[in-house]
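**Q** Mind having a look at this structure? Questions to follow.
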Amino acid sequence: MRRNSHAGKALNGGFGAPLFTDDELEEIHLATLEVLENTGVFVEDPEAFEIFKEAGATVDPDKKIVKLPPYLVEEAIQSAPSKLFLAGRDPKNDVILESNRVGFTTFGEGVKVRDPYTGDLRPPTKQDVANAAKLADAMDEVDVYERAVGAHEVPQAVGQLHNAEASFNNTSKHVFMGPFDGYQLNKIVEMATAIAGSKEKLLERPLITFITCPVSPLKLVQDTCEVIMGAARSGMAVNILSMAMSGGSSPVTLAGTLVNHNAEVLSGIVLSQLTRKGAKVIYGSSTTAMDLRLATASVGSPECAMISGAVARLARYYALPSFVAGG
Amino acid sequence: MPPFYEMYTNEEIIKIYDAALEVLEKGGMEITHPRALEMLSGAGARVDASKKRVFFPRDMVEKCLAMAPEEFTCSGRTKEFDYQAGLNVDARIRTASGAIDRFDLYRDTTARLTCADIAEQAHISDALTNVGCVGSLTPSDAPNATYDIYSLRAIIENTRKNVWVLTSSSKNLAYQLKMLEAIFGDKKTMQGGRNQGSGIFCVISPLTIPDDEIERAFLYADYGLPVKVPITTLMGGNAPYTMAGILAQATAEFMGCTTILQTIKPGMPVWYYALFQSLDMSTGGVQYTSAELQALFAAVAQVSRHCKIPPTTTCTTSSSCQAQQTIFNLTQGTLFNTMLGVGEQGGSGLDGNNAYSPHSLILQNEIMDYAKRILRGCDISDATLGVDAICQVAMGKKEYVSAPHTLKHLRTEERFRSKLFNYIGSKQWFDNPTTLMQRTDAYLEKLKTTHEVPPLEAHVLKEIDDIVKAADKALIS
């Protein structure tokens, strides 16, 4: 029997569950624009406040409130890149982040370690940061290393520099970390520059992505502003990751929480793009539901999975790379 | 309609479908049952008696596929326990079937199954909301010749759910169906759909139908039971090693069986049951759960949608009854199958389905609740988007815990309340450090001691016992 060739054949490279329609995403987007325009966000950092003001935002200096006209938000979404190149110290560990490419990472920052040998729950040390980095380096399916824990025995004012040192020295994969403030961010960039060989080489092969969290509801606090602006100026990417808790720091309805979450992340993206047009951002989430009976964050619940699913869809709606927390 | 995953393109599904039709037309099936051969020949099949093969023309197969209903009701003892089989239905579990051991996942102990264990599975299944169908197990304390009759006796007394009536022979099946008839009063009622049962029609891979399967099919048809068609192809063993190849053979076997069943009784409800296994060529071991098998189940779900016939899959684990491995297998299988839109999935079988575990069944029920919660999504409307509430809190007029928006939606906005899983912090956990298996065991004990199944009427039970005695007398030599 002859089996002639197909004239063309569509190949399926994966699958996804259509949990939200485009119309529903648009409804969340429009509600977000309304919140950003009419209510605005609290901006603690004076320099960030001025950047918003100069770009045309309506500001209230007494209350430190910045209200964003929709065009500023839409322009920021447009100018943020859709595709990121994340370099590893070893080029074989380079990663591309875009659209619906799915990758895996460790998540941080854990404030305790379950000791694998004794079973004890104890504060993490710099050695634990190094061990976690080394373990992640060995795991085939872990694409990048976000420092899983933070060293507690080092001076906390420069704790992230110790964490960066332990991470860079123990994984050849791309490193994600929260620098906590602008000072430490700049120092970590210097460390990455030393590893890369020069500023130019670091821009060609960016070894680090920063992470920062707005404070729910709707606050870009000092450190968050410093990290967003510092990342934009350094040419490194920043993962703007909201951690709203539905019923606690955001509405009890999941739809309302998505609006709150979206407003926080988009306001951070606007600041990033106003600092340097085309700056690299990731649309992030560790938002979940709060169990109002126990006052705990129910990470791992079906509601957390649904929020993460919606966040991934929103990021694709905006053509931005995304990052969500797991269980 | 809940959302569901699709992994394959329509072109790929049609290619599988066409390949299966080609297998049936060119290769046919081995069938020797005289009455079936006569009926199939009359319906348009080409019968080669010398080679014991029946070849099915494409149009005959497609006509028979069209006769099978897209959706149908599976009867419980009472209507309250009915569930729907179909392509867009609420997912249900079919409990472990055929197992010979009971494994206690919490205590790590095992023992041969008894009729009391079978009664236990039926009893807790009656209480678990996601269980649609109770599978038949294999008791060690019943006569070998009539164990299936004893198994059914233990099940129907202890559950109002639908029962998968597994049987060892058509002779035994006749007694089993009489037992169900005792509950419903007469065969006509059963033929009308109230029968608390579903049947099984097995093909021996590759493409062989034993004579007694045909006899059983006539009996199921006579009593009006819907029939599952389990395809037990072993990748690389009795079916091609390639995943596409197994789909071609399995779909051919399913379509061939459906053609036979529809020829026996047009309109007979059937499921495409993917009970595929994978042969690990490096060890010779048989895997019931693997990433490859899940990818095949996804294809079966899509082929079933193409054929407009309900699919059913399995979540049986290949692990050696080790709790953490079992939980992983149950979770990935149940989540994946539910999100594929599979209406009925088997489960709670361990050790390659040689063992049943009540803990596993309870866990699977809970995992399915979790998956269904995700598929229910969330309401996105002006009221739930809560723009005004966000503005109020952001401007410092309220905080969310006591905001009017929270109070208004607190009871209407769904939050998954798990009976077994928890999301407490480490401090709270150390105050009361129970493990998932401990909580599952405690829940099992609670069900066993508090859940009540209304007893069958005394005269019905007596009639059933008389049937069992008659079977013993006739079948034990």
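Bear in mind that the values in this text are calculations on the coordinates, not laboratory data. Small disclaimer: the values here were computed from a predicted structure and weren't measured. Cβ sites come from the backbone with ideal geometry, for glycine too, and all protein chains shown count toward neighbours.
**Q** Counting only residues 5 or more places away or on other chains, whose amide H sits under 5 Å from the amide H of B:Ile200 once H atoms are built in the peptide plane?
**A** Long-range HN contacts for B:Ile200: B:Lys228.
**Q** Counting partner chain Cβ atoms within 10 Å of every residue's Cβ in B:387-399, what's the average?
**A** Average neighbour count from other chains, rounded to a whole number: 6.
**Q** Between the stretch B:1-65 and the stretch B:364-428, what is the separation of their alpha carbon centroids in Å?
**A** Rounded to whole Å, the Cα centres lie 50 Å apart.
**Q** Can you tell me the relative contact order of chain A? Whole percent, Cα pairs under 8 Å, sequence separation 6 or more.
**A** Answer for chain A is 19 percent.
**Q** Another question about this same structure. Whose amide H sits under 5 Å from the amide H of A:Phe176, counting only residues 5 or more places off or on another chain, with H placed in the peptide plane?
**A** Placed amide hydrogens put A:Tyr145, A:Glu146, A:Arg147, A:Thr209 under 5 Å from A:Phe176.
**Q** In whole Hz and in residue order, list the ³J(HN,Hα) couplings for the stretch A:79-96 that follow from phi through the Karplus curve 6.51 cos²θ - 1.76 cosθ + 1.60, θ = phi - 60°; x for Gly and Pro.
**A** Calculated HN-Hα couplings, in order: 7, 6, x, 8, 9, 10, 9, 10, 8, x, 4, 9, x, 5, 9, 5, 9, 9 Hz.
**Q** With θ set to phi - 60°, apply the Karplus curve 6.51 cos²θ - 1.76 cosθ + 1.60 along the stretch A:168-174 and write out the HN-Hα couplings as whole Hz, x wherever there is a Gly or Pro.
**A** Result, ordered by residue: 4, 7, 10, 9, 9, 8, 4 Hz.
**Q** Two-decimal Rg/Rh of the protein assembly as shown from alpha-carbon positions, Kirkwood Rh?
**A** Rg/Rh: 1.04.
**Q** Mind putting a number on the dipole of the protein assembly as shown about its Cα centre? Charges go on the C-beta only, +1 for Lys and Arg and -1 for Asp and Glu, and I need it in Debye to the nearest 20.
**A** Charge dipole of the protein assembly as shown: 920 debye, to the nearest 20.
**Q** Between B:Ile14 and B:Thr434, what length in nm is gained on full extension when 0.36 nm per residue of separation is reduced by their alpha carbon distance?
**A** 146.2 nm
**Q** Highest mean first, what order results for B:143-152, A:175-184 on Cβ atoms within 10 Å?
**A** A:175-184, B:143-152
**Q** At q = 0.10, 0.12, 0.14, 0.18 Å⁻¹, what log₁₀ I(q)/I(0) does the stretch B:58-170 have when each alpha carbon counts as one equal point scatterer in the Debye sum?
**A** -0.37, -0.51, -0.65, -0.91
**Q** Please sort B:367-373, B:289-295 by packing, taking for each peptide the average over its residues of neighbouring beta carbons within 10 angstrom, highest first.
**A** Peptide ranking by packing, descending: B:367-373, B:289-295.
**Q** With an 8 Å cut-off on Cα pairs and a minimum separation of 6 or more residues, tell me the relative contact order of the stretch B:133-224 in percent.
**A** Taking the mean separation of contacting Cα pairs over the length of the stretch B:133-224, I get 27 percent.
**Q** Please identify, among A:Lys126, A:Lys92, A:Lys201, the residue showing maximal mean-square fluctuation in a Gaussian network model of chain A using a 10 angstrom Cα cutoff.
**A** A:Lys92
**Q** How would you rank B:Ser140, B:Ser381, going from fewest to most other Cβ atoms within 10 Å of each one's own Cβ?
**A** So the ranking, lowest neighbour count to highest, is B:Ser381, B:Ser140.
**Q** Continuing with this model, one more query. Could you tell me the distance between the Cα centroids of the stretch A:225-252 and the stretch B:233-253, to the nearest Å?
**A** 50
**Q** What's the ranking of B:416-423, B:256-263 by average number of surrounding C-beta atoms within 10 Å, highest first?
**A** B:256-263, B:416-423
**Q** Give the relative contact order (percent, whole number) for the stretch B:1-97; include only Cα pairs under 8 Å separated by 6+ residues.
**A** 21
**Q** So who's got an amide H within less than 5 Å of the one on B:Phe103, skipping anything under 5 residues away but keeping other chains? H placed 1.01 Å off N, in plane.
**A** Result for B:Phe103 returns B:Tyr356, B:Ser357.
**Q** If you take the beta carbon distance between A:Leu135 and B:Thr109 as r and set R0 to 51 Å, what does 1/(1 + (r/R0)^6) give as a FRET efficiency, to the nearest 0.05?
**A** Rounded to the nearest 0.05, the efficiency is 0.90.
**Q** For peptide A:302-308, compute the average count of partner chain beta-carbon atoms within 10 Å of each residue's beta-carbon.
**A** 5
**Q** Now for a different question. Might you report the magnitude of the Cβ-based charge dipole of chain A about its Cα centre, with Lys and Arg at +1 and Asp and Glu at -1, to the nearest 20 debye?
**A** Charge dipole, chain A, about its Cα centre: 1060 debye, nearest 20.
**Q** Sticking with this structure for a sec: So what is the 222 nm mean residue ellipticity for the protein assembly as shown from helices alone, if each DSSP H run of at least 4 adds -39500 (n - 2.57) and you divide by all residues, rounding to the nearest 500 deg cm²/dmol?
**A** Rounded to the nearest 500, it is -14000 deg cm²/dmol.
**Q** If each residue's Cβ is checked for other Cβ atoms within 10 Å, how do B:Trp271, B:Trp164 rank with the fewest at the top?
**A** B:Trp164, B:Trp271
**Q** A further question on this structure: Arranged by the count of other C-beta atoms within 10 angstrom, fewest first, what order do A:His261, B:His33 take?
**A** Ranking A:His261, B:His33 by Cβ neighbours within 10 Å, fewest first, gives B:His33, A:His261.
**Q** What angle, in degrees between 0 and 90 and rounded to the nearest 10, separates the Cα long axis of helix B:323-339 from the longest principal axis of the Cα atoms of chain B?
**A** Around 80 degrees separate the two axes.
**Q** Using only atoms on other chains, find how many Cβ atoms lie within 10 Å of each Cβ of peptide A:34-40 and report the average.
**A** Rounded to a whole number, the mean comes out at 4.
**Q** Subtract the Cα-Cα distance of B:Asp280 and B:Ser381 from 0.36 nm times their separation in residues, and report this length gain in nm to one decimal.
**A** Net length gain for the segment: 31.3 nm.
**Q** Across the stretch B:471-477, in residue order, what do the Karplus-derived ³J(HN,Hα) couplings come to in whole Hz, using 6.51 cos²θ - 1.76 cosθ + 1.60 with θ = phi - 60° and x for Gly and Pro?
**A** Listing the rounded values in order: 5, 4, 5, 7, 9, 8, 8 Hz.
**Q** Go from 0 up to the bin containing the longest alpha carbon distance in the stretch B:429-468, width 5 Å each, and give me the % of pairs per bin.
**A** For the stretch B:429-468, the pair-distance distribution reads 6, 18, 12, 12, 11, 12, 9, 8, 5, 5, 3, 1.
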